[in-house]
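Everything on this sheet refers to the single structure shown next.
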Amino acid sequence: MSVPRFWRKLDSRYNLKGTHCVECGEYFYPPRNTCVNCRRQGQIEAYRFKGTGEIVTYTVIHTAAEGFEKQAPYTLAIIKLDEGPSLTAQVVGSSVNAYIGMRVRSVFRKLGEGGERGMIYYGTKFIPVDG
Amino acid sequence: MRDVAIIGVKNTKFGELWERSLRDIVVEAGIGAIEDAGVGGKDIDGLYVGNMSGGRFVDQEHIGALIADYSGLSRNLHVPATRVEAACASGGLALRQAILTVASGYSDIVVAAGAEKMTDVGAQEASSALAAAADREWEGMAGATFPGLYAMIAKLHMHRYGTTSEQLAEAAVKNHRNGCLNPIAQYRNEITVDQVLNSIMVADPLHIFDCSPITDGASALVLAPAEIAHEYTDTPIYIKATAQASDTIALHDRRDITTLDASVMAAKRAYEMAKLGPGDIDLVEVHDCFTIAEICAVEDLGFTEKGKGGIFTEEGETAIGGLIPVNTSGGLKACGHPVGATGIKQAVEIVTQLRGEAGKRQVEGAEYGMTHNVGGSGATAVVHIFSRER
Ligand SMILES: [Zn+2]
């Protein structure tokens, strides 16, 4: 991942900023500038998510993605935010035992390392609400 | 629109072909299909080639031109050649583009090929190239891998429908059994459920034996308008339907994580076009990049209800001799998964079966066959239906 490519969406990654269509009411994270329901008739505005949600499904990854080797095994989940949209993120915290339906909230953490260039990037992960 | 027939087919051997380059294998497949069809270079109006990532795997783009050149179709004949890319559905999409150009009347004899040379790079680099079929920015950057995405499908499928790891393993066991009967298959050894369950965990609940391998291979077929197909072969196989559908690039944006809506829609469009239903299909090649993908496919294509794919597989309904034989070639799991070639290989297998030339893995009396080719975690699906009779 190049530096500009990461920086471009920094605000979204750091602060869980997405978008909201005023026309139909749907929330989008990752941000979308075209509403999937209203398309050109949509009216998109920025929205900062509360950061709470629930695990829809998850896995424990043993064979890590490139740049994530030091974190393996790690828990990856699809999390449905309370405002509606779902995203893919890691669930962390001492002795995470993720389960479907688990309540989680967002935290700011190191995401991964960018190979030879040595770039370390940060973003949103999730921890159990009761953890 | 004109009816279209397949008049020639060829697969190379699938596997780790250290001594052979991308151009070597794709030329072998292309020339083989042309010879099988009995057409000459001068007859060929176009070439479509499915290739996912020549740039990442062999540092080569412009694959269409390369392949036309080394097939002897460029310097004297100047045959137009087009590369088609839709991740692991590149081959199926190349076939669809070839069918559309013949059906429209724009071209007559067209070659549809697919190829991938994956073993020139290491396993980590190959995995990284494949991960580019997902959403790099919003899945990849969170640490998602391809097995990880399908593992999340599997986890929810198990939670919601009671599907078991043993049932997933049965898909791999059956595909290895079929692969033993296919001379071109990468793996021609039987495996057991215990071996699958005891193999290393890649992304819970998927073990390494739940995953398709890294493979080199190429496949090709030759298309012609149905009305002249008999001039070339006694056993043309007819295209009854070509259908394609899209869905969100990221798994997390899907309507339902355990359903590939793109597969459902592509199948629905294909059944309508062919005026057939799931009960009419005699065999199917599905996109089993992971065992859970085969379980979802038999549901999404309508062969069993949503949630019943695991038990359907466990009860042997997808084996040769079962209700609907699935992946007689060995599937992606045992035959191998050279990503750009897979969609074409699936069609070659169905043609071979409908011609009655599949040897020990022959499905007796097969009239209608189907292929199902998926890109990414389900953002593209391509479904074709083939028939022995026009
Ligand atoms: Zn809207």
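Some observations on this one:
- Electrostatic tally near B:THR259: other residues with Cβ closer than 12 Å to its Cβ, Lys and Arg +1, Asp and Glu -1, net -2.
- Within chain B, helix-based [θ] at 222 nm, where runs of 4 or more DSSP H residues each add -39,500 (n - 2.57), nearest 500: -10500 deg cm²/dmol
- Degrees separating the helix B:261-274 axis from the principal Cα axis of chain B, which is the longest one: 40 degrees
- Total buried accessible area between B and A, probe 1.4 Å, nearest 100: 2700 Å².
- Considering only A:LEU10, A:GLY42, A:CYS21, the residue lying farthest towards the positive end of the dipole of region A:1-48 is A:LEU10, judged by Cα position with unit charges set on Cβ.
- B:MET158 - accessible surface, heavy atoms, 1.4 Å probe, Å² rounded to 10: 40 Å²
- Whole-Å distance, taken between Cα centres, linking region A:9-43 and region B:274-291: 37 Å
- All lysines inside 25 Å of B:LYS10 as judged from Cα atoms, apart from same-chain residues fewer than 8 positions distant: B:LYS42, B:LYS117, B:LYS174, B:LYS240, B:LYS333, B:LYS345, B:LYS360
- Highest-MSF residue in chain B out of B:SER127, B:SER212, B:SER90 [GNM, Cα springs under 10 Å]: B:SER127
- Region B:323-378 - charge dipole about Cα centre, Lys and Arg +1 at Cβ, Asp and Glu -1, debye rounded to 20: 180 debye
- Area accessible to solvent at B:CYS289, 1.4 Å probe radius, in Å²: 10 Å²
- Chain A: calculated mean residue ellipticity at 222 nm from DSSP helix runs of at least 4, using -39500 (n - 2.57): -2000 deg cm²/dmol
- Taking the longest Cα principal axis of chain B as reference, the axis of helix B:339-355 is set at about 70 degrees.
- Sorted on the mean count of surrounding Cβ atoms within 10 Å across their residues, most packed first, peptides B:135-147, B:238-250 read B:135-147, B:238-250.
- Gaussian network model of chain A, springs between alpha carbon atoms under 10 Å - residue of A:LYS17, A:LYS50, A:LYS70 with greatest fluctuation: A:LYS70
- For region B:129-170 versus region B:180-198, the inter-centroid distance based on Cα atoms is 22 Å.
- Counting only other chain Cβ atoms within 10 Å of each residue's Cβ, the peptide A:74-82 averages 4.
- Proximal charge balance of B:THR119 [Cβ under 12 Å; K/R count +1, D/E count -1]: -4
- Extreme residue, positive dipole direction of chain B, given options B:ILE99, B:VAL363, B:HIS157 (C-beta unit charges): B:ILE99
- Student exercise, chain A dipole from Lys, Arg, Asp, Glu Cβ charges, in Debye to nearest 20: 300 debye
- Distance between the 7 Å Cα→Cβ label points at B:ALA132 and A:ARG105: 4.0 nm.
- Environment charge of B:CYS211, counting only residues whose C-beta is closer than 15 Å and scoring Lys/Arg +1, Asp/Glu -1: -3
- Most mobile of B:ASN76, B:ASN327, B:ASN11 in a GNM of chain B (Cα contacts under 10 Å): B:ASN76
- Rounded tilt (10° steps) of B:90-103 against the dominant C-alpha axis of chain B: 40 degrees
- Solvent-accessible area of the protein assembly as shown (1.4 angstrom probe, protein heavy atoms only): carbon and sulfur portion equals 48 percent.
- Taking every residue in B:246-255 and counting other chain Cβ atoms within 10 Å of its Cβ, the average works out to 4.
- Normalised contact order of chain A, rounded percent, pairs of Cα under 8 Å and 6 or more residues apart: 21 percent
- With 20 Å² as the minimum drop in accessible area between chain alone and full protein complex (1.4 Å probe), the qualifying residues in region B:125-154 are B:SER128, B:ARG136, B:GLU137, B:TRP138, B:MET141, B:ALA142, B:GLY143, B:ALA144, B:THR145, B:MET152.
- Highest to lowest packing among B:104-115, B:332-343, scored as the average C-beta count within 10 Å: B:332-343, B:104-115
The values are calculated or read from the model by the stated rules, or taken from the named source; none is laboratory data. Quantities reported herein were computed from a predicted structural model and do not represent experimental measurements. Note that we place each Cβ from the backbone using ideal geometry, even for glycine, and neighbour counts take in every protein chain shown. Ligands, DNA and RNA are excluded from the accessible area calculation, which covers all protein heavy atoms including side chains. Shrake-Rupley method; radii C 1.70, N 1.55, O 1.52, S 1.80 Å.
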